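To keep things clear, I will list the structure first and then write my remarks on it.
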Amino acid sequence: MNTDTFILATGAALPGDPVDNDAMARRFGTNAQWVELFVGTRTRHFAVDLETGEQTHTLADLASAAAAQAMSRAGVEAADIDFLVLGTATPDMLMPATVNLVADRLGIDQVATYQLQSGCAGAVQALDIGARLLDEDRRTGLVIGGDVCAKHLVLDRDTSATPPGELINYVLFGDGAGAAVLSADDEGAPMRLTSVLNRFTGLGRDPAQVIHWWGETGQPEGARSVAEDYKAIEERVPGMAVEVLHELLDRAGWDSSSVSFLLPPQLSGRMTQRIVKELAVDGATEVSCVAETGNNGNALPFLQLDALAPRLGPGHRAVAVAIESSKWLKGGFTLEGR
């Protein structure tokens, strides 16, 4: 990556009002106390109306809103943007790519655009690609992460006999988007992106999360559109997070005691608590959002960045870790305040 990569500003967008566990219990027959105790997610935001099933926000809506906020905060206009990168697992459609719909809404034209198909690691991939794209000609870029998961949920189904492993998706996930303006110039930049780790590590391992997207042929009888191996996720993700943390610290030449802020993986409120304990970065302030936003995939690292931005002062150091269990991806990045 470019050794001089700065973040000028961040932005975030969440659809509608937060939906709490009591509302989920009334709508889907879940137990609100169980969700709080075992999942640890208190609220989430949906891009659909739970009563009517009507979609209220598209990914393009949310990504454009987050990007526009980041651009406004950075004081840049559409003509200043030299490239745009979007990470998502839930594009609005297969074609055209959602990233190009976002560019059109923002008034951005005649630049390179990229859409990365991935789970939450796509946000780190977007940062990685964005940092590498900065050069003498491309001085400013826009990177975005977002997902709209609720459109894949069947809201009018009878959930009374739904297995817990499938029902948990209704309370775990949420929708949203986040963005950051990257620059090769340091003027006015509150933080510097010092390194990005982005690595596939799933050779020979079965996927722990599979999401199908059927076309006009429809869903095959007996097939599940979403499947997770929660046991594998619980067993492997904390250890992988520790590995990422140590590699990022080694790359930066930092001791864990010098880290001011920790941005841990955001699988769920409860899993995040467990991972933070295993990371054991004593003295660092945790920056998490998943308990309030739900697991909105590629938005999460950017939402963490957005929460971090006003708190990261000169001399502060931050480490972010992201793990994707679909086919086992490690990701993370380090930042310094300016």
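The values are calculated or read from the model by the stated rules, or taken from the named source; none is laboratory data. Quick caveat: nothing in here was measured; it's all calculated off a predicted structure. FYI the Cβ positions are ideal-geometry reconstructions off the backbone, even for glycines, and counts take in every protein chain you see.
Scan region 74-97 for residues that are in contact with a Ser or Thr (Cβ under 7 Å, 6 or more places away or on another chain) and either more than 13 Å from VAL143 (Cα to Cα) or touching a residue at least 60 places away in the same chain (Cβ under 8 Å) (or both) and report the count.
Qualifying residue count for the region: 10.
Looking at region 291-307, is at least one residue buried (at least 19 other Cβ atoms within 10 Å of the Cβ), at pLDDT 95 or above, among the hydrophobic types (A, V, I, L, M, F, W, C) and touching a Phe, Trp or Tyr at 6+ places or on another chain (Cβ under 8 Å)?
no
Is it the case that some residue within region 31-45 is buried (at least 21 other Cβ atoms within 10 Å of the Cβ), at pLDDT below 95 and either in a loop (DSSP other than H, G, I, E, B) or outside the structural domain of ALA126 (by TED's automatic domain parsing) (or both)?
Scanning region 31-45, I find at least one residue that is buried (at least 21 other Cβ atoms within 10 Å of the Cβ), at pLDDT below 95 and either in a loop (DSSP other than H, G, I, E, B) or outside the structural domain of ALA126 (by TED's automatic domain parsing) (or both), so the answer is yes.
Where residues in region 308-338 are of a type in the set (D, E, K, R) and at pLDDT below 95, which of them is farthest from SER258 (Cα to Cα)?
My answer is LYS327.
What pairs come out if I take residues in region 53-65 that are touching a residue at least 40 places away in the same chain (Cβ under 8 Å) and outside the structural domain of LEU101 (by TED's automatic domain parsing) and pair them with residues that are surrounded by fewer than 21 Cβ atoms within 10 Å (Cβ to Cβ) and of a type in the set (A, V, I, L, M, F, W, C) whose C-beta lies under 6 Å away, six or more apart or interchain?
That search, which allows pairs on different chains as well, returns nothing.
Give me the residue from region 259-318 that is polar (S, T, N, Q) and over 20 Å from ALA123 (Cα atoms) and, out of that set, farthest from the chain's Cα centre (by Cα).
Ranking the qualifying residues of region 259-318, first place goes to SER260.
Does ASP147 meet the test of being among the charged types (D, E, K, R), closer than 20 Å to ALA322 by Cα and modelled with pLDDT of 95 or more?
Taking the combined requirement at face value, the residue satisfies it.
Confirm whether GLU286 is touching a residue at least 40 places away in the same chain (Cβ under 8 Å) and farther than 23 Å from HIS152 by Cβ. Please lay out each step first, then the result.
Values: touching a residue at least 40 places away in the same chain (Cβ under 8 Å): no; farther than 23 Å from HIS152 by Cβ: yes.
It is false that GLU286 is touching a residue at least 40 places away in the same chain (Cβ under 8 Å) and farther than 23 Å from HIS152 by Cβ.
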